[in-house]
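S.K.: One structure is given below, represented as structure tokens, and several questions about it will come after.
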């Protein structure tokens, strides 16, 4: 009798282990299915959304208005007198200053010591 009850418990234990293994497989498989469903939803959401553009609609409207004004206003407005000569020299002086600053040697020892 004792041997028979031990056999039943052994068989029950084997069945339980098989069920838990099947349950683990099903749980793992269900996790994979959920992940696949999430991927499908993500892809569908991306496909359903309209493509986003670099400029918003308002920005495109402003750019179109500026373009039209630059094309039309010179035809409507009278010609302007030339600017004073000193004002014409301002961009030339700025360019000369930038060239001088670009080619000016720097003291590398003072720059290196400040970063150490």
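The values are calculated or read from the model by the stated rules, or taken from the named source; none is laboratory data. The model shown is predicted, which means the values in this text are computed figures rather than measured ones. Cβ placement follows ideal geometry from the backbone for every residue including glycine, while neighbour counts extend to all protein chains displayed.
S.K.: State which residue pairs qualify: first residue without any contact (Cβ under 8 Å) to a residue 60 or more places away in the chain and inside the stretch 56-73, second residue outside any helix (DSSP H, G or I) in any location, beta carbons under 9 Å apart, and separation of 6 or more residues or different chains.
M.R.: Listed pairs, sorted by first residue: 60/53; 63/55.
S.K.: Can you tell me which residues in the stretch 35-59 are exposed (fewer than 10 other Cβ atoms within 10 Å of the Cβ), modelled with pLDDT under 80 and either in contact with a helix residue (DSSP H, G or I) (Cβ under 7 Å, 6 or more places away or on another chain) or assigned to a helix (DSSP H, G or I) (or both)?
M.R.: Residues of the stretch 35-59 exposed (fewer than 10 other Cβ atoms within 10 Å of the Cβ): 45-54, 57-58.
From what's left, modelled with pLDDT under 80: 45-53.
Of everything in the stretch 35-59, those that are exposed (fewer than 10 other Cβ atoms within 10 Å of the Cβ), modelled with pLDDT under 80 and either in contact with a helix residue (DSSP H, G or I) (Cβ under 7 Å, 6 or more places away or on another chain) or assigned to a helix (DSSP H, G or I) (or both) turn out to be 45, 46, 47, 48.
S.K.: What is the one condition in (1) assigned to a helix (DSSP H, G or I); (2) modelled with pLDDT under 70 that residue 62 does not satisfy?
M.R.: The one condition residue 62 does not meet is (2).
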